[in-house]
Structure formats: C-alpha cells, structure tokens
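Heads up: the structure comes next, in structure tokens.
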Amino acid sequence: MPDIETLPQGEIESLKEEHHYLVQTTGNEVLPYYENILSNSQCMIMLTDSRGQMLNSWGDQRFLNKEQKAFLNPGTYWGEAVNGTNAIGTAMELGQAVQVQKDEHFLKSNRFMVGSAAPIFNVNHDLLGVLDVSSDTYLPHAYTLGLVKLMSQAVENRLIVKRFAAENFLLSFNTNVDNIDSQWAGLIVFNDDGTIISANCRAELLLGQNLALAHISDIFDCPLRDLKNHPDLMPIKLPALGRFQMHGALRRPEKKIVQALDFRQRHLKKRPVDSNLITLERLSFGDQLVDRAVTQAKKVIEKDIPILIAGETGVGKEVFVSALHEFSSRRSYPLVAVNCAAIPAELVESELFGYEKGAFTGASNKGSIGLIRKAHRGTLFLDEIGEMPLKVQARLLRVLQERKVVPLGSTEAFPVDIKLISATNRSLRDDVEQGLFRQDLYYRVSGLNLELPPLRKRQDREALFQEVYQLFSTPEQPSQLSAEIVNLFLQHPWPGNLRQLASVLQIALAMAENEVIQLWDLPDDFLSDIHKSSVDRDSETVFGDESAQRMAEMGALVRHAAPSPIRDALPARESLPAEAAPEPIETDAEVDLLLLFQQHKGNISSLAKALSISRNTLYKRLKAEGIR
C-alpha cells in the first residue's frame, strides 16, 4: 500500500466545517432519491472538495479491506499529483465527468475498483467538489457514469435553490414538457427586475449562451410581467432566442420581495470630513522611529503587501492604522477593526467568516456576512492577532491565500479585496517557536514589519503632550499645558502609553474646568506612578528645576498616605510652597467649610484650590458636613 497523504487532525475539523453545507446537501437531500438504486449495487459514494480532499463517504464498505478503508477517511488526498490517474483526480483536472476502469488506475492498490466521478460547480461556476461512485463489480459503464452525472447535477441544483429560492424567481426549462422537473432541466434564477443572477451549467448548455446578468425577456420571448404572473409550477411554452422551443415552469419567491437586488455598482456617498481626524502628519513631531514607520507605511499602502505593527499596549497602533487608511485610496470603503482577544474563542470563526442561517445552534436566522466581507474593498485591521486560536488561523490562512471567504454552513465562496494590517503587543516569532502561532500564517501577515515606540522612549514627547492636550481641550480652556505640568509628564513612566496620557488629560481637563491644569487636578494613580518610578533614582536627578521640590513633596504625600484614597492625604495650605494656592487658609481644623463655600459662591474648583485639596476630597468633605 502506498503512503496515504492526509491533513493534520486540526485542519480536518476546519475542512469539515468549511464544507458542512455541501456534505449536508449531498447526504440529506440528494442521495436519498437514489437509495433504491444504490442499495441494489455494491458501491461506494465519495465526496471531495475542489482540492481533492475527502469530505465524506456513503455506501457499502464490505468489499474494502482495512488498508483500503483508510483512503475514505476525511482529509485524505485524491489528487493526481499524489495518486496518479483515478476518477476523482482526473475529473478535477478535466473539469468534466470521467470513468476509470480497474487497470486504468495508476496505483495498483486502486485497481480493484471501477470509478466514475463528476465535478460539482457552485453558483459562480467555480469547482466546488467532486462526487464519485466506485465499485468492485462490473456495473454497466454507461449506468454508473450517467448516475454520477445525474447526482452531481442534482447537488448543483439543490445548492442554487437553497441559495436563491427565498427572494428570487426560479425558472426550470427543458426541450420537452415531460422533463421540466428533471435534474437535466435548465435552471435560471432571476430577480424582480428580470435580471438573471444565477443559472446552472445545464441552462447555458441548452441555450448555448452565457446568461450572467442578462435580462430574462432577452432570452425568452415572453414579457417579464406575463412570466411573473404565470401560475406557480404550471407548464408554459417559452420560445428562446428566436430559434429554440422550450417548455418551462416558474416558482415564485418563498418570501415577499421587499426590494429587488441591484447588481449595478452603487455610488458611495461622500463622507463628511472630520476636523478632529488624526492624519499621518499628526502622528509624529520629530521622533525618528515614528517618522520611519510613517514613511515606510506610505510606500506600501497601495501595494498588495500586508503590514504587521508591533508595540506595547496603548502606543497608538489603532490610531496609526486609522490614519493610514485615510491616507490610502481605500478611504471611501470601510476600515473594519477586529480585536482578536476580545472575541470569545468559540465565536471567532463565525464573527470573521460569517455564517448561513441555521449553520449552528444559536445562529441568527438571518445569517451573518462576517467581518472580513464587511471590509471588502477597504482595510481589515486584525488587532492582537497573536490571540487568534490555531483552528481559526488555518481558515484565515486559506482566505488570505485564495482571497475568498466561505461562510460557516455554506458552500459558496465570496471573493474579497482587502488591505490587511495586523498588530501585536507580543513577539509572534516567539509564539511560532512555541507552536502558538502558525509559521505559514506569520509569513503571510508580516510583509512589512513596523514597530511603534513606547511613550517614555519617544523623542517628541513635549510636542506630543501639547498635541494630545489640544485634541481634548475646548476653546474656553487655556491653549497649552503649563511648563510645570509638562515637566512632570516628562518624568512619568507612562506604562499605559498614549492611552494613559489621553485618560489623564481628559480627567485633568474636567477637574480644571476652564482654568490652567494644576497638580491637584491630576488623577491619584498618576502620582503613584511618579513615586514608584523615582524609588530607584536620586530625587534631585528626577526633579531638577524650581518646581521639582513641589513634585517631590507630592510624591512624599503619596508615600505616606493612609489606605484611603491618595487625595484624602493632601496637606493643609502651609505644607506647600506659598505660590501653590491663591488664598492662604491656615489649617483644615480652623476652616468653617460652609462659610468658605458661601464666600466662593459654590465654585468647587476655586474652593478646592484655596484649600489645596482635590475636588474629589472637597466633595467628600462637603457631603460629610451635609453641605452638598
């Protein structure tokens, strides 16, 4: 016995799911019609995909020994490249039905049987799979070859009916009125406007013409209105193309048509320009690494080269991708961002690739187009791609190689045109070595590798602080951060990078209202990070200017704070330098809070500054006193 070439177990499961719809249609809706014929003959029925990989088998296996039965396992390869001449492989190569006698098989191990195979085409006339009938008995040649042709045609017809019957008109026709409902009849699908949107191969063979997007009244000498109003399944004479006499029967849509399908190119609405849109030019203010990343990305964005962006969490990978998409010629089409870590592992496949209605338990009865197809002609951004399950990685690789998506539970492949950009906060090379990420997928997604530096290492931090501040501030607020706050920001480690910077500034702006941001407007955890980063450094090195002493004192407050919120430990006015507060107030113990509240006319920000405490602490004290 020759070595059997088969897929790894993980890929076999993906193969089964990908072609579940084809296997179900063949086994449940076609083969039962031929059960009496098949039960009286000792034969096997085999179904493979378009690459010759075994999907399923039915029938009598008694004439096979243990080694021969292994050829029927899902994932086994039957292509001519490995097995030489055989019915399945040869039908794939020729694209037509064939019959291979016992001694005509290339492999001696296959010469015990006669094989008849016919290709199955999808609604786009692309090869979908191959159906084979094999037996070790000398069945009449014409009988088995005709049988497998009929069965493959039946599968094609069922796929078309299931795909289009709900919302479109189905017209079956033949040269004889007695054969209208035969599997050999032509089958045409047209919409409410009369445009032919699908047809089986038999229809084009009978008419000798390509029917794609033709109008039904140009094919048959019958007005569209008369045809649509003809009684369901009632025979009708249909002169065709001025030279053929056909007989047909019409089947109306199962659902009421709300709107006819339109296959013409739709004009895209012009989008309003967002004045706050961050462009590539606004991503860098002199940092060499970021400048280099922008320059390289611009050069490949219009080429069929994937981009992989690496960087710590929060460095602005999604903002970078958004700016790059707006720079590209795909800006009029969607940017679809997918966080691979945020989608539950069991739902990743259905979310990415979409699914047919009823494809699995809990599936929407409307089906789903999937995120990849939503990005058609636009940009697909796969964030945290290293978190993608291995099983899904195999399907994604196939999509990227073939540029086609097959939804779960479907047999139809949908072409997709996407610009792929991926991002990761970990080393995918290390994941490949550890078997956590497929090596072939890694080389498929890592065409141009870019790295965005963390905020603490950027050379343009001062300008960046001011830019992010202006992004979130309002016209009523000061136009810039103070030198004191900028200097404090320069000492911060920023473990959350740009995401943390944006959060800190948004909170500080809310606390300061329309006044300059001061130390007490900053979040508590911000000062905690400052103290932690200064523990291993000399304080004079960390805080080196006139305002450094104040920052050191703030750090000391954090260090000695009680378990309660940090701001509750803020000192009275005398523990800070004189310029820290606008009006001196001796100590909290001497304060008549109600009187001060009335003097400041209920202005929380003004009173908090006078007391040298945070707004949060002041709110707590006012609440405790029953004032607010």
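Fully extending the segment from Arg225 to Gln96, taken as 0.36 nm per residue of separation minus the present Cα-Cα distance, adds 42.7 nm. In a DSSP loop and with at most 11 other Cβ atoms within 10 Å, the GluC sites (Glu not before Pro) in segment 472-521 are Glu476.
Charge tally for Gln245 (other residues, Cβ to Cβ under 13 Å; Lys, Arg +1; Asp, Glu -1): +1. Under the combined filter of DSSP loop state and at most 16 neighbouring Cβ atoms within 10 Å, segment 369-462 retains these trypsin sites (Lys or Arg not before Pro): Arg377, Arg403, Arg426. Charged neighbours of Ser116, selected by a Cβ distance under 9 Å, balance to 0 (K, R count +1; D, E count -1). Loop-located trypsin sites (Lys or Arg not before Pro) across segment 313-360 with a Cβ neighbour count of 14 or fewer within 10 Å are Arg331, Lys357, with loop assigned by DSSP.
A cut-off of 5 Å between modelled amide H atoms, ignoring neighbours fewer than 5 places along the same chain, links Leu448 with Ile307, Leu308. In a fully extended conformation the segment linking Asn210 and Lys299 would gain 27.9 nm over its present Cα-Cα distance, using 0.36 nm per residue. Listed values for segment 492-503 are Karplus-derived 3J(HN,Hα) couplings in whole Hz (6.51 cos²θ - 1.76 cosθ + 1.60, θ = phi - 60°), namely 7, x, 6, x, x, 6, 5, 5, 5, 4, 4, 5, and x replaces Gly and Pro. What nm value, rounded to one decimal, do you get for the distance between Lys237 and Glu346 when each label is placed 7 Å out toward the C-beta? Placing both labels 7 Å along Cα→Cβ, they lie 6.1 nm apart.
Amide H to amide H, with H built 1.01 Å from N, Phe437 comes under 5 Å of Val432, counting only residues 5 or more places away or on other chains.
Bear in mind that the values in this text are calculations on the coordinates, not laboratory data. From a predicted model like this one, the values you see are computed outputs, not experimental measurements. Here Cβ is always computed from backbone atoms with ideal geometry, including for glycine, and neighbour counts include all displayed protein chains.
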